[in-house]
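The values are calculated or read from the model by the stated rules, or taken from the named source; none is laboratory data. Note that the structure is predicted; figures quoted are calculated from it, not measured. Reconstructed Cβ throughout: ideal geometry from the backbone, glycine too, with neighbour counts over all protein chains shown.
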Amino acid sequence: MPYISVVQELEHIAEWFVVYTKTNAEKRVQERLHAAGFEVYLPLQESLRQWSDRKKKVKIPLIRSVVFVCCMRTALNGVYAVSGVQGVLKHLGQPAVVRPAEIQNLQLLLQESNAVSIASERIAPGSPVVVTAGPFKGMQATAVEELNAYRLQISLEALGVAYAVSVPKQFVQLL
């Protein structure tokens, strides 16, 4: 009986989910989901694009074909009705949940996009740390390497994506 009440409670809590979109439709899907009443987050980074006659800074999605949606599990089926949505990331047959701290880490990373580089391999377990000063203050991460500075790997575990950020030793504290 206690298991049922826990499941019922989880259905009434808004959580972050990963929604897959059609190729190059992230911005349109974000607008449509927002218009449908969903809380949506699309991480965008500035990129310099060159055409034959000019250069221009444009905002492109950090993670292609992905939009993050915050809603209750029961409302998640409404996402499928939005044009451009391909599906929801699932783990063990259930919609995969992204922790709010991971969304916050993405937002912090994009504030200082010059310091971000995407790591293509999975993250090895390390010491959990928190950044106490600087532009990444409050970010929880995993220490990967100690040189003249800690190298932090910030991960979205549900997606298997990692971001490497250099932070001075004096700005990092073990959790």
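Of the residues screened, H12 is not one that is modelled with pLDDT of 80 or more and at negative phi.
The set of residues from region 16-27 being touching a strand residue (DSSP E or B) at 6+ places or on another chain (Cβ under 8 Å) and either of a type in the set (G, A, S) or not in a strand (DSSP E or B) (or both) comprises K22, E26, K27. Of the residues contained in region 53-75, one or more are found to be in a loop (DSSP other than H, G, I, E, B), without any contact (Cβ under 8 Å) to a residue 40 or more places away in the chain and more than 14 Å from the chain's Cα centre (by Cα).
Check region 93-114 and report whether any residue there is surrounded by 12 or more Cβ atoms within 10 Å (Cβ to Cβ) and either modelled with pLDDT under 70 or on the phi > 0 side of the Ramachandran plot (or both). Yes, there is a match, as at least one residue in region 93-114 is surrounded by 12 or more Cβ atoms within 10 Å (Cβ to Cβ) and either modelled with pLDDT under 70 or on the phi > 0 side of the Ramachandran plot (or both).
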